[in-house]
Amino acid sequence: MRRTPTARARRVAGLLVLTTLALAACGGGSDAPGQAGPAATTTTATATTAAPAATTTTAAAPASWTTSAKHGPGSHELPDGPSAKLATVRAAGHPGYDRVVFEFKGAKVPAYRIEYVRDIFVGESDDQLLTLKGDALLQATFNGTASDGYRPGTQTIPDKLTPALPQVRQLGLAEDWEGVVRVGIGVDHRAGFRVLELSGPPRVVVDVAI
């Protein structure tokens, strides 16, 4: 049954502009963790008189790359006010995986939860969906933060960003309200992913296997 959106939901829908959501290349540099993602490998049997035909196998993703929800650090209860501000979001491709980087202004990254979901709703509404390209949806929720530089009545960056990547198809803002920021990540297909926390500046990195 569809519910009439709450007053808060209507206000959140009007705040769908993330003026600091910036799409930029993030390959290499300080975002690189120094660990390669899952990649396909090919092996061929040595030819002998009785050798079997050549076969091709694909390496399995490391155990840390799973489809289960990942979260951190600390409590997910909302603090009195934002402890960090989401400054930029960027995406880039790497061998075997696509990467999304959430960069913050502040001493540390806020509490977060990254998970696959069936639907992503706009604000607290249960009848307005965020539609993104791709056959699967990842949702990144950050507590105790806000987007940086929002100005009412202005729009310099679109609500949705579409990087030309094989796995990460589209990014979209679902909520930026009262210390909660939710960003949807539309991916080509459901696959294992990992989450890294980096410093200098504080960042939450989401790597999705191709």
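Values quoted throughout were computed directly from the atomic coordinates according to the rules given, and no laboratory measurement underlies them. Model, not experiment: these values are computed from the prediction. Please note: Cβ atoms are built from the backbone with ideal geometry, for glycine as well, and neighbour counts cover all protein chains shown.
Between D127 and E178, 0.36 nm times their residue separation minus their Cα-Cα distance comes to what?
Taking 0.36 nm per residue and subtracting the Cα distance, the gain is 16.3 nm.
Cut-off under 26 Å on the C-alpha distance; same-chain residues fewer than 8 positions from K85 excluded. Which lysines are left, in chain and number order?
K70, K105, K108, K160
Taking θ = phi - 60°, what integer Hz values does the Karplus form 6.51 cos²θ - 1.76 cosθ + 1.60 yield along the range 132-143, in sequence order, with x for Gly and Pro?
9, 5, x, 9, 9, 10, 9, 10, 10, 10, 10, 9
May I ask you to order 132-141, 96-105 by the average number of other C-beta atoms within 10 Å around their residues, highest value first?
By packing density, highest mean first, the sequence is 96-105, 132-141.
For V117, V89, V168, what's the fewest-to-most ordering of other Cβ within 10 Å of each Cβ?
With the sparsest Cβ surroundings first, the list reads V117, V89, V168.
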